[in-house]
1. First measure r as the distance between the Cβ atoms of N80 and I375, then evaluate 1/(1 + (r/R0)^6) with R0 = 51 Å and state the FRET efficiency to the nearest 0.05.
2. Once phi is turned into θ = phi - 60°, what whole-Hz ³J(HN,Hα) does the Karplus curve with 6.51, -1.76 and 1.60 give for every residue of the stretch 237-246, x standing for Gly and Pro?
3. Could I have the simple spin-label model distance between D69 and E53, label points 7 Å from Cα toward Cβ, reported in nm to one decimal?
4. Using Cβ contacts closer than 10 Å as the measure, can you line up D216, D344 from fewest to most?
5. Taking Cα atoms, how many degrees apart are the long axis of helix 214-225 and the longest axis of the chain, rounded to 10 and kept between 0 and 90?
6. Filter K314/K367; K40/K314; K40/K347; K74/K278; K40/K242; K40/K250 down to the pairs with a C-alpha to C-alpha distance above 18 Å, please.
7. How high is the relative contact order of the stretch 91-164, given as a whole-number percent (alpha carbon pairs under 8 Å, six or more residues apart)?
8. Out of (1) 1.06; (2) 0.98; (3) 2.02, which label holds the value of Cα Rg over 2.2 N^0.38 Å that was computed here?
Amino acid sequence: MYPIRRLAFAAALMLVALPSWAQGGPPQAMPVSVSEPVAKRVTQWDEYSGRFEAVATVEVRARVSGFIDKLHFKDGQWVNEGDPLFTIDQRPYEIAVDVAAADVARNKAQVELAELQVGRGAALIGSRTITEADNDTRKSNLAVAKAQLKAAEAAQRNAQLNLEWTRVTAPLSGRISDRKVDAGNLIQGGQSGATLLATIVSTDPIRFVFDVSEADHLRYQRLFLAGERAQAGSSAIPVRIKLADEADWKRTGKVDFVDNSLSPRSGTIRTRAIVENKDRLLTPGVFGRVQLYGGEYDALLIPDSAVISDQARKIVFVVAKDDVVQARPITLGPLVDGLRVVRDGLKADERVVLDGLANPMVRPGAKIAPQKGQITAQAK
């Protein structure tokens, strides 16, 4: 009898050690943190790709022809408006100024002589020493002499201007390219066919150019008509920009231009923003990402950790009134204050599962023990 009593006692101990479901009872519900999504009015920022462009680009060309005498800059340096860049041999133009000055002096003498003759004729006409025709001729000669003097003075100013143009200066402040000609070369000046000497691009401010889709453009126009957004191209529309090696949207600017038509080929409209570039880090041609202000809307926010990828869909687990887990497909938006915007598929009063998603017991159709959790936004 003794061995039988020992076996019965051991069996009783094993029965006590088994879980409730093995003893025939229902399984215990797993405790899981849940919370309603955070309801908040958020600002929508639409993202686009684009490149920086200079506000002004100038090709430096000489207005007069001649031999390059001196260069006053180093390739690629920063120049200010009015800084000397090239000097053309000035000697032929100095001679032209002297010749023009001599011509002015000669014509002044002619005017003085003609004025004396007219003055004498006025005295002689009364005594009939000269005829009316002679007096008229003297007046005409004075008028011609004065006209020739004006032409000579204009020629002198033109010669002086050509002499000034032998000093080629920077037409704007910015960064200059490498020189296209060296000292000693003969260059062609003038309005057509002039030799390219260098190029200058402005650096501060700088523009960021990007293309906006037709759908977004129409949405912006409807927001404007509803009074919720400024007119396209208005400087009141802000942008935020980051470079390829930057994680945060540190740079800010304003929209200063929107094209007047969409491209029929790409279905986009060219948009431009103006950005400060005090540190001169931004260079024309540099790639970047821009966020364009797209209005405000009421949104529901949840942490990214509560989102599950189901093939091509994004889903969250919600808890029904009977504490049973349900899968809910959702449409996601951008991150706001460290939380993910849910554009569609979720209601404000629904309880979202926050943790335990990796546990096989937390699955659609399973009953859980909801525990009050909290969703906290990150402070800016």
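1. 0.40
2. 8, x, 9, 10, 10, 9, 8, 5, 9, 10
3. 4.0
4. D344, D216
5. 80
6. Pairs exceeding 18 Å: K314/K367; K40/K314; K74/K278; K40/K242; K40/K250.
7. So the answer I get is 53 percent.
8. (3)
No lab work stands behind these numbers, since they all come straight from the coordinates. Predicted model, so just to flag it, every value in this text is computed and none were measured. Heads up, the Cβs are rebuilt from the backbone with ideal geometry, glycines too, and the neighbour counts pull from every protein chain shown.
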